[in-house]
Every structure is written in structure tokens, then in C-alpha cells.
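The values are calculated or read from the model by the stated rules, or taken from the named source; none is laboratory data. Since the model is a prediction, treat every value here as computed from it, not as a measurement. Ideal geometry is used to build each Cβ from the backbone, glycine not excepted, and the neighbour counts take in all protein chains shown.
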Amino acid sequence: MLTYMRKNAGSWIIKVLFAAIIITFVFFYGYSPEKDPGGAVLASVGEKKITAEHYRTAYANMLQMYQQMYQNQIPDSLARTLGLRENLLDEMIEQELLLQEAERRRLRVSRQEVMGAIMKQPYMQENGIFTEGRYASVLKSMKLTAAEYERQAAQEILLQSLRAMITQAVNVSDQELLEMFRLRGEKLTMDYLEFTHADITEDMHVSEEELRAYYGKNAESFRVKETVEAKYLVFDPEEFAGRMNVEEEAIRDFYMVDQARFLDPEQIRARHILLKADRAAAPEKAPARQAEAQALLEKIQKGADFAALAKKHSQDEATAAAGGDLGFFSRGAMVGPFERAAFALQPGEVSGVVETTFGYHIIKLEEKKPERLRPLEEVREEIAGELQQEMAESEVRAASRRAFNRLFNSRDLEGYAQANGLALRKTGAFAFGGAPQDAQSENAFSQQAFALQPDELSPVFSIGKKYFLIKLTARTPSHIAPLENVRDKVIAAVQREKRIEKARQLAQDAARLLTENSFDWDAAAKKYGLEIKQAELSRMGEHVPGLGRNPELKQAAFRLEAGQTADRIFSTEAGAAVVRVRTKTLPPEDGFEAEKEGLRQQLVQAKQQEAFKGFIQELKGRYSVSVDRDLFETL
């Protein structure tokens, strides 16, 4: 997840996701004027102050929450890219503005309203019912008293009421909805020529000066993650099981106590002929099917071969070719009417016509196996293996605790492993999220290893049924790789940039020729040795098929007329593209009514958000907000 966030840090989706989490965080984990510890003032909101110390604490708590959610450290560089620092401060300021405005308007909330809202929160409920025990447990995990939580819940209700007052007057007309329907449903097809660095085959010389300049400007691109190395012991029940000696008495006791487990139920083997009929869907056809089944039954009763009739007439595709043979089955395997009729037969007997939801059946019982208790000798190995596994699981827990107690002071994993017949395992250097093959599980190994300093011993921890004990042997902090270590990568990166720039120059030349009508598109494609590619676009999203995320290109394309070539190029990850719109279409308006109410909800919500943003700006003017930017940059 962290890798995805790094790669998509500029995406509005990622930023909106984090912004939504921050809003919730501020209410229940973050800013509280009554708890502000004082100190240097970071921001003033009217007469209230937000101190640097409280912001620092709130920010640390927020990062910790993210780390727990995503099971990864959030580097400061990523936090800055995502705007977490700014967003948190903005939300703290916005909350204070709204609270002051709610006070000015004398908005109040009763304790009954507060408790009603709390009791409806799913995480305060057990099996859908609010309980005091669950409430106390959640508050303990949040490190809040009931009074603090209820005060914050009251503030949230107040602010929801204030927001409703500001946004309730928002409405939209049918004409606005129709315009939105047309806009959202508009589509176009376009041609494009993409000029990429891969198309530039000429050699790109990189001077030492260019090399060092690129490295200096993009040093973070060559950052090496913090890594650790460790030795560790694994206590695996699978490896211990062979050492466990299971006594005969234990096997017999297990067998006697759990005999029901070794009881084979009564089974029968039957054939059937099925004539499909659905009385609910086609009741008029059922009597004819039933009569047909009755006629087949009469043939069987007169001595006709059941299997031969099944092959010819049965409509059960799975068994017809085998003469209707269903094999052996126990009670519960078939639908009720079929089961009752089949188990009532004796071998060789044929049932009457049996109706089920599938249609009409005729059943012949071939064999019957009575209920049978498997003897001890037949299940001895199965029981012994299970007892060995249980004993091994118990033993690895005890063995891992013994190892920790012995090694707590000596830290001599090598000696302990040799003395106790254990394999001492070693990792290479790995970053957070990495783990040896036998410890792959939701970063548990990484979390333990990265909590240690060299020569420290971890507590015993489990992954599945295995227990682990780690000793950290080395820790290498995150650092920028020296230029000499990444020289080839830097050269390749500079060459790629040069080729991209060359590709963009060619694209610019092509766009000029095409818009001046010096060339048609086929001639341009031939001149540059490229293929004219097509893409179909809608206004939704930012993705352009074949070119990736490119909101600038999409917006510009919808401003062009059909047949028009853009007079500029559009940068892509690999170079640049020249585009021409081929066709533009609007959605058929007979679909408007079906989408109208959904569009209304979306447009009202968008207008409400816009109205609320405007209201916040108005409050910032009314209550005089100031931020010490110099202080903020030091935090």
C-alpha cells in the first residue's frame, strides 16, 4: 500500500482519502482547545490559540494512526508530498472557526442527543446493540475519558447542525441536471501520435557536469531504504512433530472419547431417471411430464432394463450416460423428497414417481451400506498424527519461551541452536516489509526486527503456528546512495531525459506541420515512422487509453471540434503526443430521466461542498486567522 501511495502521491484520489481520514482524526484524536498545553503559538483563530506543542502531538498521533492502518512507516518526504502537515493544520483551524461560529449562533446540543448518536455508532455495539462494556473498551483504546469523548461527540453534532444550516438551501434546476447529463455522457474518439524516448536511437552523451547536476537535483530518487539484518530461531510444529512420542493409552482414550468422528453414516447407491419439470414456471407442462414418468415406471415394473431406459430417457446430463447411476451418498446429499424415497427402498426395489423441484424421478436402489464404526486399527495412524501435531504445537510454545529465558542475557543464538538441535537462520539485509521466506505474514517479522537495535533480542512472537526469536545483527540507516554506486543509473536517467526532450521536439514539429496543414496525418505518421493510434474518451476520470493518466490532454481534447488537431503537444510519461479529435457524441436524452435523481444527488452534494467552502472563507475573514509560517516550517 505504501508503494502505491508513493507512486500515486499526486493523485486526487489519494489526497481525498487522506483528507477524509484527517477530518475524522481531528474530531476524535486531534485538536482540543481545552487540552492545549500552552507554549509557542502556531496559529490564532479569533481569540483562540493553537500551539506548536499541541500541533506536534496531534501530528505524531496522526502518523501513528496511519502506520497502524497501513502497517508501514510514513516517511516525512511522503507526508509532505501528500500534504498531511498542511491538511492537519487546516482542519484544526477549520474546526476552531466552526466552533466559534456555533457559539456565536448559540447552537446547543443536549446530552440525550449526544448519547443517542454514540449508541448508534457501530464500533460502540456488540451484535448490533450498544453496551457499556464495549463503550469503555473503545474509550480505553482511544485513551479518552467518557467526558472527553462525549464533549467531542457533542462538538461534532454541533458542527453537523451548522453545516446543515449553511447547505440546506442548496438546490438544482432540471436544466442544470440536463446540462450535467450531457456533459458526463459526452464521448469522443481521437487519433494520436506518441513520440517516445524509445523511438530515439541516437547515442546521448552525458557529461560529468550533467551527471552531477542530475544527481544533486534528484538525490532522493537514489535513496536507499533503512535495512536490517538478523539471526533467528524458528520453532515449527511440523519440525517438532516427529520428535513427539504418542502413547498407546492416549490413542485409545482419543478414540473412545470421539467415536462419533469415526462413524461412517449409512450410505446407499441408487440410479434414477429424471424428467425435468418446473411446476412453478410452467405448471401447464407438469401433468404431461408426470404421465410420461408414470409410463416409464410401468415399463420398469414389467421387466424393462432400468439402466437402458435411463440412458435413453433421463434428462440428468450428469448421470444419464451411466444409466442414471448416482454412486454412493449419505443422508443430506439429496433434496428431501428424493432422499426419503431412496432411503425407504431395499436393494433391487424401484420407487414410484417422485416429484422434486427438479421434476419427476424414478429411483432404483442398487446397494445399501449400514452405519459403521471404523475400528481403532483403521484410524490409529490418523489419531497418532493428530496427537503428535497437538503435542508439537504445545512443545514449540514451551520451547520458544525456554529459549528466550536462556538467551535473554547471553544472546548466544549460535550456541543455543547447536545445543538444542535447532537450525540457526540468517537474513540478508532487508527493508521494512521484507522477511525471510519462512516468516511471510503481514509484516510481523519486519515489525519485530525494526523495533530492535543491533545485538538486541526480540520477544517470542508467532506467525501462524510457528514461533520466532530474533537477534538483530546490523542496522543500516536510510541514506542517499553515493554517486559512484549509482553512476550507471544516473547516466541512464539523464539519457532518458534527453531522449524524452528530443521526442518532445519532434512532437512539436509534427504538431506545427499538422496544424499548418503542411501534412496530413498519414503523411506525418510516415515521416516520423509512427503508427496512428486511436482512443475513445469520456469525461469521467483522468485516464487516457494508451497514454495513462493525463487530465490536461482530456480537458483540451473536449474543447476541440471534430476533425480539429490540437495546436500544442501533451507531455506523456514516455515523451509527448499530438492529438486530433475524430468524432464527438452526446448521450441520447431518452436516458436522462433514469439518471436524473442520481445526478441531482451528486450535483446537490457538489454545490453544498462549494457553499461550505465559501462559508469557511467568510469565517476566516470574520475571525481573523493567522499562522506563524516560519514556526510551522520548523515543526
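Run down ALA423, ALA429, ALA439, ALA419 and say which single residue is of a type outside the set (Asp, Glu) and touching a Ser or Thr at 6+ places or on another chain (Cβ under 7 Å). Every option except ALA429 fails the conditions. Counting only helices (runs of 4 or more DSSP H) that sit wholly inside segment 427-528, those with at least 3 residues that are charged (D, E, K, R) are 483-515, 521-528. Here is the figure for segment 339-363: residues that are out of contact with any Leu (no Cβ under 8 Å at 6 or more places or on another chain) and either surrounded by 13 or more Cβ atoms within 10 Å (Cβ to Cβ) or not in a loop (DSSP other than H, G, I, E, B) (or both) total 7. Tell me, please, whether a residue that is crowded, with 18+ Cβ neighbours inside 10 Å, among the small types (Gly, Ala, Ser) and within 30 Å of GLU208 (Cβ to Cβ) can be found in segment 494-503. The answer is yes; a qualifying residue exists.
For segment 425-457, which residues satisfy the criterion of being more than 16 Å from LYS225 (Cβ to Cβ), in contact with a strand residue (DSSP E or B) (Cβ under 6 Å, 6 or more places away or on another chain), touching a residue at least 60 places away in the same chain (Cβ under 8 Å) and not charged (D, E, K, R)? Scanning segment 425-457 gives ALA439, LEU452. Each residue in segment 233-289 was checked for being in contact with a strand residue (DSSP E or B) (Cβ under 8 Å, 6 or more places away or on another chain) and either more than 30 Å from SER351 (Cβ to Cβ) or aromatic (Phe, Trp, Tyr) (or both), and 7 of them qualify. Residues that are in contact with a Leu (Cβ under 9 Å, 6 or more places away or on another chain) and surrounded by 17 or more Cβ atoms within 10 Å (Cβ to Cβ) do occur in segment 216-227. Per this entry, GLY434 is not counted among residues that are outside the structural domain of PHE570 (by TED's automatic domain parsing) and on the phi > 0 side of the Ramachandran plot.
When THR515 is tested against (1) loosely packed, with under 13 Cβ neighbours inside 10 Å; (2) modelled with pLDDT under 95; (3) farther than 30 Å from VAL234 by Cβ, only condition (1) is not met.
You will find that of GLU248, GLU220, the residue that is acidic (Asp, Glu), more than 30 Å from PHE404 (Cβ to Cβ) and more than 32 Å from the chain's Cα centre (by Cα) is GLU248 and no other. Of note, GLU113 satisfies the criterion of being assigned to a helix (DSSP H, G or I) and either at pLDDT below 60 or under 26 Å from VAL138 (Cβ atoms) (or both). Being in contact with a helix residue (DSSP H, G or I) (Cβ under 6 Å, 6 or more places away or on another chain), within 30 Å of GLN64 (Cα to Cα) and in contact (Cβ under 8 Å) with a residue 24 or more places away in the chain holds for only one residue in GLU126, GLU148, GLU156, and it is GLU156.
Tallying residues that are out of contact with any strand residue (DSSP E or B) (no Cβ under 8 Å at 6 or more places or on another chain) and of a type in the set (S, T, N, Q) within segment 290-332 yields 1. Residues in segment 600-631 that are in contact with a helix residue (DSSP H, G or I) (Cβ under 7 Å, 6 or more places away or on another chain), closer than 26 Å to LEU89 by Cβ and assigned to a helix (DSSP H, G or I): GLN608, ALA611, PHE612, PHE615, ILE616, LEU619, LYS620, TYR623, LEU631. Can you pull out the residues in segment 567-599 that are within 22 Å of GLU552 (Cβ to Cβ) and not in a loop (DSSP other than H, G, I, E, B)? Selection gives PHE570, SER571, GLY575, ALA576, ALA577, VAL578, VAL579, ARG580, VAL581, ARG582, THR583, LYS584.
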